[in-house]
Amino acid sequence: MKVQVLGASGLLGKAVMREWSGDDVVGLSSPDVDIRDREAVREIAERVRPKWIVLAAAYTDVDGCESHPDLTFGVNRDGAVNVAEAAKQVGAKLLFLSSDYVFDGKKTSPYETGDARNPQSVYGRSKAEAEVRLLEVLPECCIVRTSWLFGAGGKCFPDTILKLAATRPALDVVSDQRGCPTYSVDLARAIIQLCRKGASGIVHVNNAGNCSWFEFAREIIKAAGLTAEVRPVSTEQMARPAPRPAYSVLSPASLQRWAVPMPSWPDALQRYLRERQP
Ligand SMILES: NC(=O)c1ccc[n+]([C@@H]2O[C@H](COP(=O)([O-])OP(=O)(O)OC[C@H]3O[C@@H](n4cnc5c(N)ncnc54)[C@H](OP(=O)(O)O)[C@@H]3O)[C@@H](O)[C@H]2O)c1
C-alpha cells in the first residue's frame, strides 16, 4: 500500500515514519510542500498516488496561535481542506489529526466522539472548523483526536520536567487540568492499524487512563528516580495566552470499536524514558 505522510518531520510524523514498515511510505514536511498551497498539494498527491494520506502537519504552538490567527486557520483549517480536496481528486483515503482542544473542558466524564465541539482557543477553533469542513469534503475520512502528545524528536512535557528537575529542588505544576497523555510511538502504531483496517469517522486515540499535569509530572520524577518536589498549582496561577480545557479526557470507546488496543500512560512513559536514555 502506498502512503503519504504530511508533517513527517514533526513529533508524531517522525514516529509514524519510524514505526510504519511493510508499506511504501512517503514522508513530507513543509520544505517539500506547504499545505497552504492548494496547487502544490494537488500536484504532490497526483505524483505519489497514495492509498492513504496521513495529515499530521499543523501549526501546533497553542499559545502562538492566539496571536497568529491567520497563520493558524491558514494551515490548520484551510491547509487541511486543500489536502482533503487533493485526496478526493486522487481517490485516496485521509486520516486527519485533530485535538482534545475542540472541546470546552466543562464535562466531568470522558468525551465521546459525538459530544458537541466548543473550542475555547484559536488553535481549538482551527481544528474544530477543519473537522467540520473535512467531513463535508470527504465524509468517509478518518479524524483522529489525540491529546498531550509526548515522545522523541520534539518539545514534550516529560523532557521539560526532567530538565527543570535537574536544576531545581521543587517544581510548580498545574493540578486542575485533567487529560490523557499520549506516547507518539503508541499513537503512530494505532494510526497504522486504523489505516490498515480502513477506518473512517471520528476516533479518539490516547494512552489508557488519565491524570492531571501535576500527577503526570510526579510520575515522571518518580520513574526517572529523581528527588525534586512537585507542588500543585492552579491554572490561574500559571496564566498562559491560550485557555486550556480543564477536563479533556477522551473516551476510548471509539478506538475499541476498531479493536485497536492502547497501553496505559504510565506504561508508555516508562518505555519512553527507557528509549530516550539507551
Ligand atoms: N502535540 C500535541 O500535544 C498534540 C495534541 C493533540 C493533537 N495534536 C495534533 O497532532 C498532529 C501532530 O502534532 P505534532 O506535535 O507532531 O506537531 P509538530 O511536532 O509541531 O509538527 C508539525 C509538522 O507540521 C509541519 N508543518 C507545519 N506547517 C506546515 C505547512 N504550512 N505545510 C506543511 N507542513 C507543515 C511541520 O513541518 P516543518 O518541520 O517542516 O515545519 C512538522 O512536520 C498535529 O495535527 C497536531 O495538531 C498534537
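Table for the structure above
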quantity: Some residue of the stretch 21-33 being free of Cβ contacts under 8 Å to residues at least 40 places away in the same chain and part of a helix (DSSP H, G or I); calculated: no
quantity: Every pair of residues 6+ apart whose Cβ atoms lie under 6 Å, when the first sits in the stretch 35-53 and is part of a helix (DSSP H, G or I) while the second is acidic (Asp, Glu) and surrounded by 14 or more Cβ atoms within 10 Å (Cβ to Cβ); calculated: none
quantity: Some residue of the stretch 2-12 being within 14 Å of the ligand (Cβ to nearest atom), out of contact with any strand residue (DSSP E or B) (no Cβ under 7 Å at 6 or more places or on another chain), in a loop (DSSP other than H, G, I, E, B) and farther than 18 Å from Ala152 by Cβ; calculated: no
quantity: Hey, Val62 more than 19 Å from the chain's Cα centre (by Cα) and within 12 Å of the ligand (Cβ to nearest atom) or not; calculated: no
quantity: Where a residue in the stretch 62-85 is closer than 19 Å to Ser147 by Cβ and β-branched (Val, Ile, Thr) and its partner, wherever it lies, is in a helix (DSSP H, G or I) and modelled with pLDDT of 95 or more, with Cβ under 8 Å and at least six apart; calculated: Val62/Tyr101; Val62/Tyr123; Thr72/Cys65; Thr72/Val122; Thr72/Tyr123; Thr72/Ser126
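Residue-by-condition table, conditions (1) surrounded by fewer than 20 Cβ atoms within 10 Å (Cβ to Cβ); (2) outside any helix (DSSP H, G or I); (3) in contact (Cβ under 8 Å) with a residue 40 or more places away in the chain:
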residue: Leu135; (1), (2), (3): yes, no, no
residue: Ile143; (1), (2), (3): no, yes, yes
residue: Ala152; (1), (2), (3): yes, yes, yes
residue: Lys155; (1), (2), (3): yes, yes, yes
residue: Ile161; (1), (2), (3): no, no, yes
residue: Ala166; (1), (2), (3): yes, no, yes
residue: Asp186; (1), (2), (3): no, no, yes
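The values are calculated or read from the model by the stated rules, or taken from the named source; none is laboratory data. If you're wondering where the values come from, they're calculated on a predicted model, not measured in any experiment. No Cβ is skipped: glycine too gets one built from the backbone with ideal geometry, and neighbour counts run over all protein chains shown.
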